[in-house]
Amino acid sequence: MPVIAAIRRRLQVGDDGFTIAEVLVAMIVIAVGLLGLMAVQARSLSTVALSKERQTATGLASKAMEQLRAVPYTGLSGGLKCTELAGDPNLTVVNPGGVCTATFSPSYDTSIVGETVVVTTGTPVAPLTPHQPSDTVINAATYRVRSYVTLVGADPTSGFWVTVIATWKSANTGQKTKTIALRSEVYSPAGCLSPTTHPFSGPCQAFLYSDGGSVGGSITVDSDRGTSAPLVDGMTATSGSVSLPDVSARTQYEQALSTQSSFLTSQARLAEASTTKSGGVGGSSSADTDPATGNVTTPATATTGTQSATTLTSNGGGSRLDVTAAGSDTGSAFATTAAAASPACTDDNAAAITGGQNCASASLTPGGTSSLALSLNSIGARGITLADVAAAATASRAFGGRFPAALASPAHCTTTSSPGCVGAGVHRYVGTAHIGGFASRNAGEKIVDAGNVDRSGTIGANSLVTITGYADSARSESGISPGAASATRTGTLVYWNGTGFTTVALGAGAGSYAIPQLTAQYSGANIVVSGTVTVTATSTPATGTSPCVTAACGVKASAGSVIATLTYDIFSGATQVGGFTVKLDLGSALAATTYKGAPSA
């Protein structure tokens, strides 16, 4: 029974809760735990803030490094400016105000000791100047970024170390300086074709080059009576010339793209005490992808120009020389690094080239006649057209372009594959040309040959040499599976053969044709004329052997040339009063292309 009573008493006891002492103990335990969590939270916030600052410093350093990697290799070789090196804790500088020397020993890495700093007294490219710009404050943290260029070996041919050091300090660092450093080795190996097309550090890539245009057309007259002697007694002119219109288009491709085109209208020159020039309206267009040139324009703006007729005149002793450059010659030049349908880059047949690659084109439409004319006092101021070239009915055109894949229409590099090929072409047209004219003849005046046979009736009013319907073209391609080069020439040559006129079709072959002596007998003077016409053959020589890696492969297509040269000697009785050589050079169409494969190809 006593046991049962005890159990009943226990069951009757109530649960009245914790005592104050128990509650206090519990609160103290909880407070201690919360204080620990607050310390962890505060430390976590500080760590996050420091991490953000480190991230910002890394971003600033990465930005500077990418800027340095984008500097052309020739720009890196310029290095740092001497006068900006003072006060840099990572450099030891000798003569900072002049031609200095400096070594790089950064405090963040004691293994880098005494690297030679590339220095200059000139103006380096950005961001090498200033190499340690002013502090930058971002979210209460102070940052500074320094850039360095040092030699890997004993000289620049071994390449460069590019180093960027970003430092910062803030309340989160306890105002102690923290450091982030980035380092990269840059090198541009031997064998890359040109700083123009391979401006940045890196392996050589496939090189493609094209150049199409006209070369060297002119009509000239030069005294052959000795140094500084005039063409004719009493005159002061020693020579005169007209350069015929010119067009050219050029492209280059390797690491960077480059395109240029130009045109030049007829230009007159007259040499007396000094040389006077007139005419020669020119224009050019260029575009590239090299940011160092500041010429990244795609497409480039087409350039056009038209000239007025211009004549330079020399008078003296009653005689006169007129040098006339054709009027209304009109040219156009266009260049782009991304050929599109509009504005169009056109080939030598005026067909639009598309495809988004670099392309250059130029055209010129002649508008008048260029000539050399002489009026002689000794024959009553009658005029002699020494040489002239009339305007052609069709514009001359030149182009150059890259084709990474075959282009069917217009047809260029029709079987090529990556990295493609490059093409160049030119079509030229020349109007009717003459050389070897005579003055009109009065009764009793005649033209005789070396045997004193009168040829006046056969010659009539004709010039000794006439060229009609002249046109030539040249095309070449280089690269992967290029098409065959071509060079063509058409036209008709008519020349004095001694007893009459001979007609020759101007094709691909060569020839040399003599103009036998003739004497125009005027009442006041005799004019003796003789000369030659020389025609050189078209050609398409090629160099190099596929795959064109150790040595470049090239093609040079030339339409050859037609050059007529006549010598005039003027006599009054037995005394020579004038002597000069007249030359008609129709110039040539030329297309040249080059390909060199990447060394790893």
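At R0 = 56 Å, how high is the FRET efficiency between MET27 and ARG69 if r is their beta carbon distance? Nearest 0.05 is fine.
The computed FRET efficiency comes out at 0.35.
To the nearest 20 debye, what charge dipole does the chain have about its Cα centre, counting +1 at the Cβ of each Lys and Arg and -1 at the Cβ of each Asp and Glu?
1500 debye
Helix-derived [θ] at 222 nm for the chain: sum -39500 (n - 2.57) over DSSP H runs of at least 4, divide by residue count, nearest 500? Provide the component values of the computation, followed by the final result.
Values: 4 runs with 68 residues, N = 601.
It comes out at -4000 deg cm²/dmol, rounded to the nearest 500.
Return TYR568, TYR253 ranked ascending by Cβ neighbour count within 10 Å, so the fewest neighbours appear first.
TYR568, TYR253
Against the longest principal axis of the chain, how steep is helix 20-69, in degrees 0 to 90 to the nearest 10, with axes from Cα atoms?
10 degrees
Which option, [x] 145; [y] 178; [z] 289, is the value of volume of the Cα convex hull per residue in Å³ that was calculated from these coordinates?
Correct label, based on the coordinates given: [z].
Can you give me the relative contact order of segment 210-594 as a percent, contacts being Cα pairs under 8 Å and 6 or more apart?
The normalised contact order for segment 210-594 reaches 16 percent.
Between 0 and 90 degrees, rounded to the nearest ten: what's the tilt of helix 2-11 against the longest Cα principal axis of the chain?
On a 0 to 90 degree scale, this one is about 40.
Largest first and to the nearest Å, give the Cα extent of segment 299-399 along each principal axis.
64, 21, 15
Just how large is the dipole of segment 48-186 about the Cα centre, in debye to the nearest 20, putting +1 at every Lys and Arg Cβ and -1 at every Asp and Glu Cβ?
480 debye
Excluding same-chain residues fewer than 8 positions from LYS596, which aspartates and glutamates have a Cα within less than 15 Å of its Cα?
Cα-Cα hits under 15 Å: GLU254, GLU477.
Name the aspartates and glutamates eligible as straight-distance cross-link partners of LYS277: C-alpha to C-alpha under 14 Å, and not fewer than 8 places from it in the same chain.
Of all the aspartates and glutamates, those that pass the test against LYS277 - Cα under 14 Å, at least 8 places apart if same chain - are ASP322.
What's the exposure ranking of LYS176, LYS596, LYS63, going from fewest to most Cβ atoms within 10 Å?
Values: LYS176 8, LYS596 27, LYS63 14.
Going from sparsest to densest Cβ surroundings: LYS176, LYS63, LYS596.
Net charge around GLY560, counting only other residues with Cβ within less than 15 Å of its Cβ (Lys, Arg = +1; Asp, Glu = -1)?
It works out to a net charge of +2.
Per the Kirkwood formula on distinct C-alpha pairs, the Rh of segment 366-412 is how many angstrom?
On the way: mean 1/r = 0.0661 Å⁻¹.
For segment 366-412, inverting the mean 1/r across all distinct Cα pairs yields 15.1 Å.
Please rank HIS131, HIS427, fewest neighbouring Cβ atoms within 10 Å first, as an exposure proxy.
Neighbour counts put them in this order, fewest first: HIS131, HIS427.
Read the figures in this text as sums done on the coordinates, not as results from a lab. Since this is a predicted model, take the numbers as computed values, not measurements. Because the Cβ atoms are built from the backbone with ideal geometry, glycine has one as well, and the counts that use them run over all protein chains shown.
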